[in-house]
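Visitor: The structure that follows is given in the form of structure tokens.
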Amino acid sequence: MYKNLFEGSIPSDLNDRIYIEPFGGSFGLCKILLKSYSPKQVIYNDIKMYDITEILSPANISHNLDYSKIFEKYNTEDSFFYLDPPYIDKEHYYENTFTNGMEDHYKLFKEIQKLKGKWMLSYHDHPILREWYNEYNFDNYKGTSMYHQKEIIIKNY
């Protein structure tokens, strides 16, 4: 699924950037990306503490922090943030994040606007996202499983 969804959406200069995944988990994109790319560093924030040490070299860092702390710590022009937050109306699938529903999604939207580097955000398509992120670039994807239908990629590049 990830390969088809992100093919052509990854920035061409990823190897010159710090790759940051603030909403990591068992399906983290870095597990696939690191087979083809070699970013300067990988920052993986695992909200559920899955063991991904088998794919991270010692130069890379794994955290278990709120995404806003990751934004504060690694907000540089040479960063690339891949953001895969809980989807709207699916927040209950995540144990400790986005407990305030739409308020949390709006907070993320406001914080993304402060990022200095490149970012790519994946979500299930929702009209409010098209309203909030209307000045950014959208790519559409229709997955084949019941979990990955009408996905969108929003990016600032």
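Visitor: Structure shown: which of 35/150; 73/150; 73/114 lie over 24 Å apart, alpha-carbon to alpha-carbon?
Guide: Working: 35/150 26 Å; 73/150 32 Å; 73/114 13 Å.
Among 35/150; 73/150; 73/114, the Cα-Cα distance tops 24 Å for 35/150; 73/150.
Visitor: While we're on this one: Quick one: what are the phi-derived ³J(HN,Hα) couplings along the range 10-19, Karplus 6.51/-1.76/1.60 with θ = phi - 60°, whole Hz, x for glycine and proline?
Guide: Result, ordered by residue: 6, x, 5, 9, 4, 5, 9, 10, 8, 8 Hz.
Visitor: Can you compute the FRET efficiency between residue 104 and residue 78 using 1/(1 + (r/R0)^6), with r the Cβ-Cβ distance and R0 = 25 Å? Round to the nearest 0.05.
Guide: 0.35
Visitor: How long is the gain from residue 116 to residue 37 if the chain were fully straight, where each residue apart is worth 0.36 nm and the alpha carbon distance is subtracted?
Guide: Working: separation 79, 0.36 × 79 = 28.44 nm, distance 2.15 nm.
Result: 26.3 nm gained on full extension.
Visitor: So for each of 14-24, 60-70 I average, over its residues, the number of other beta carbons within 10 Å; can you give me the resulting order with the highest mean first?
Guide: Working: 14-24: 21.8, 60-70: 16.2.
Answer by packing, highest mean first, reads 14-24, 60-70.
Visitor: Residues with amide H under 5 Å of residue 62's amide H, sequence separation 5 or more or different chain, H placed in the peptide plane at 1.01 Å from N; which?
Guide: The list, which skips near neighbours in sequence, is 44.
None of the figures in this text is laboratory data; all of them are computed from the coordinates on show. Values in this document were obtained by computation on a predicted structure and should not be read as measured data. For neighbour counting, all protein chains shown are included, and Cβ atoms are generated from backbone atoms with ideal geometry for every residue, glycine included.
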